[in-house]
Every structure is written in structure tokens, then in C-alpha cells.
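Asker: Take a look at this one; I'll ask things after.
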Amino acid sequence: MRIRFISQEVFSGLFRNVTMTLAVVLTVAVSLTLFGTGLLVRSQVDTMKDYWYDKVEVSVFLCGENSDSGACKGAISAAQRDELKATLDSSSLVEQLYYESSDDAYARFQEQFKDSPILENVTPAALPESFRVKLYNPEDYALLATTVEKAPGVEVVRDQKRLLDNFFTLLNGLQALALGIAAAMLVVTVLLVANTMRLSAFSRRRETGIMKLVGASNYYIRLPFLLEAAIAAAVGGIIACAAIVGIKVFLIDDILAPKFQFTAFVGWSDVHRVLPIVLLTGICLASLAAFFAIRRYLKV
């Protein structure tokens with residue numbers, strides 16, 4: 001009897017004002033989609049960091065005949081190059097070491113700028129030879145630089161991680177903006193659910209008062225309202241989850257991944273981790289909003 005009564009009350013409440021119920025469902029769906037997208041953006045930034053930081057190299061540029069740096073006193077000699085290579089080889093910081101001659105650098109430059117008129121003004125002699133160093137830990141750049149930047153024949157030491165850090169600072173800002181917008185939408189959702197539950201409780205205040213007078217507990221009176229909010233939020237959450245899956249399938253897999261193959265994108269494991277968070281967040285926030293919204297109508 002109790003289950004049947006509660007079920008009737010829940011569905012009666014949901015369909016009593018269909019417009020408000022649809023407003024709750026759609027608002028929850030939009031806000032949770034933004035929230036889930038923000039979580040995916042955060043996972044995307046982490047994925048790109050892992051991908052690119054694993055490829056970070058330290059470039060040790062060597063003095064050449066055309067070097068105008070004050071650290072250079074002519075082109076590096078073979079003995080100086082061999083000594084520097086031995087120093088890098090023996091370093092516990094270095095995972096991989098690759099020597100790039102001026103001709104190799106010019107060939108790579110030609111490939112990168114094959115359609116640019118700048119090629120006409122560049123010769124192999126204008127590109128310095130270098131050692132490309134991959135570190136076990138990219139954070140150890142300063143230690144390596146201290147070791148080799150004052151060595152004879154070294155023009156400059158550059159760390160790719162510094163460039164990536166600026167890029168990821170921008171991405172982190174965009175991530176914070178996305179999560180901020182999502183948080184604002186969640187607040188709007190909570191307020192809408194609370195107002196909807198207040199209207200529902202107001203329209204049923206007579207029934208609530210009678211139930212209170214005959215000894216019904218606050219929990220028993222609250223339960224239909226909580227279930228109404230939870231069901232509406234669950235429907236909105238399911239729509240949001242479907243939207244997030246659509247973002248992964250159509251936007252990331254079908255559009256972004258084929259066009260931007262130079263980086264990694266979030267996988268299905270990230271999506272599977274986000275979906276339950278999105279769904280549970282919507283249900284919990286809606287239930288809490290309903291719980292506190294109807295307190296005044298439990299006082300008879």
C-alpha cells in the first residue's frame with residue numbers, strides 16, 4: 001500500500017505540471033552536459049600533457065661558423081663535440097641522445113617549410129648542428145643545462161618543455177572557464193529544482209498537512225518529492241550522458257582525431273569515468289535541493 005501510494009504521488013507530481021518537469025529535465029541535461037564536457041576537457045589536457053611531455057627534448061645547439069653568440073669563439077671542434085657527447089652519454093639524466101648535423105637540420109627544415117618561400121634564403125650553414133636530448137624526467141632540464149651550457153662549443157641550450165608549459169597554461173585557463181560555466185549552470189539547476197519542488201509542495205500543502213496530522217513521518221512525506229526530483233534529474237542525466245557519448249563519437253573520433261593526428265585525445269576509459277560522475281551529480285544535487293526546499297511545508 002505504501003509503495004503504491006508513493007508511486008502514485010510521484011507520477012502525479014511529475015505529470016501535474018509537465019512544463020515545469022520538462023524545464024527541470026532540459027536544464028539538468030544542459031548543465032550536466034557542460035559539466036561532463038568540462039571534465040573531459042580536464043582529461044584531455046592531462047592526456048596531452050602525458051603525450052607531449054613524453055616527447056619533450058632538450059636541444060643543445062653547437063657553435064658554427066655563422067654563430068653570433070658571445071659564447072662561441074668559432075665553430076665547435078671535433079674534440080669538443082666528442083667531449084660534449086661523452087658528457088651527455090654519461091649523464092644519469094639522459095634517456096636518449098641524438099646528434100643532428102647541419103645537413104640533417106636543413107633536411108628537416110625543408111620538410112617542415114616545403115611550401116614556404118623562406119626556403120630560398122636558408123642554407124645548411126645557417127642551421128646549427130645540435131644534440132637532441134630526451135630526459136628521463138623533463139623536470140630535470142635545469143640540472144642538465146647547468147652541466148652543458150658553459151661547455152666549450154655550446155651556443156645555447158633550449159628546452160621544449162618551456163614552450164609546452166605556456167601552451168598548457170592556456171589550456172588550463174580554458175579548462176577552468178569551462179568548469180566555471182558548468183558550475184554556474186549547476187547552481188541554476190539547483191535553484192530551478194528547488195523552486196519546482198516548492199511549487200509542487202505548495203499545491204499539495206493540504207494533503208501534506210493531513211498526512212502530518214495523522215502521524216506520517218517527515219521522511220514518508222518527503223519521499224515522493226525526493227523521488228520526483230531524482231527521476232527528473234536522472235532523465236536529464238541520461239540525456240547528458242548521451243550527449244557526452246555523442247561528443248566523443250562525432251566530434252573527437254570522427255572530426256578532431258583524423259585532422260589532428262599529432263596529438264592524443266581522450267579515450268573511452270575517460271568517458272566511462274565521467275558518465276557515472278555526471279549522472280550521480282545530477283541526482284544528488286536535485287535530491288538535496290528538493291530535501292531543503294520543502295522543509296517549511298512539513299511544519300503544521
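Asker: What is the number of the single condition among (1) polar (S, T, N, Q); (2) out of contact with any Lys or Arg (no Cβ under 7 Å at 6 or more places or on another chain); (3) within 30 Å of V266 (Cα to Cα) that Q96 does not meet?
Answerer: Only one criterion in (1) polar (S, T, N, Q); (2) out of contact with any Lys or Arg (no Cβ under 7 Å at 6 or more places or on another chain); (3) within 30 Å of V266 (Cα to Cα) is unmet by Q96, namely (2).
Asker: What's the number of the condition N66 fails, among (1) of a type in the set (S, T, N, Q); (2) open to solvent by less than 80 Å² (accessible area, probe 1.4 Å); (3) modelled with pLDDT under 85?
Answerer: Of the numbered conditions (1) of a type in the set (S, T, N, Q); (2) open to solvent by less than 80 Å² (accessible area, probe 1.4 Å); (3) modelled with pLDDT under 85, the odd one out for N66 is (2).
Asker: Conditions: (1) open to solvent by less than 80 Å² (accessible area, probe 1.4 Å); (2) within 29 Å of N17 (Cβ to Cβ). L280 meets all but one. Number of the miss?
Answerer: (1)
Asker: Quick check on region 49-63: of everything there that is of a type outside the set (D, E) and within 26 Å of the chain's Cα centre (by Cα), which residue is least open to solvent (accessible area, probe 1.4 Å)?
Answerer: Applying the first criterion (of a type outside the set (D, E)) to region 49-63 yields 49, 51-53, 55-56, 58-63.
If we keep only those that are within 26 Å of the chain's Cα centre (by Cα) as well, we get 49, 51-53, 55-56.
Numbers: K49: 54, Y51: 69, W52: 68, Y53: 53, K55: 95, V56: 10 Å².
Among those that are of a type outside the set (D, E) and within 26 Å of the chain's Cα centre (by Cα), it is V56.
The values are calculated or read from the model by the stated rules, or taken from the named source; none is laboratory data. All figures in this text were calculated on a predicted structure; none of them were measured in a lab. Methodologically, a virtual Cβ is constructed for each residue, glycine included, from the backbone with ideal geometry; neighbour enumeration extends over all protein chains shown. Side chains included, ligands, DNA and RNA excluded: accessible areas come from the protein's heavy atoms. Shrake-Rupley method; radii C 1.70, N 1.55, O 1.52, S 1.80 Å.
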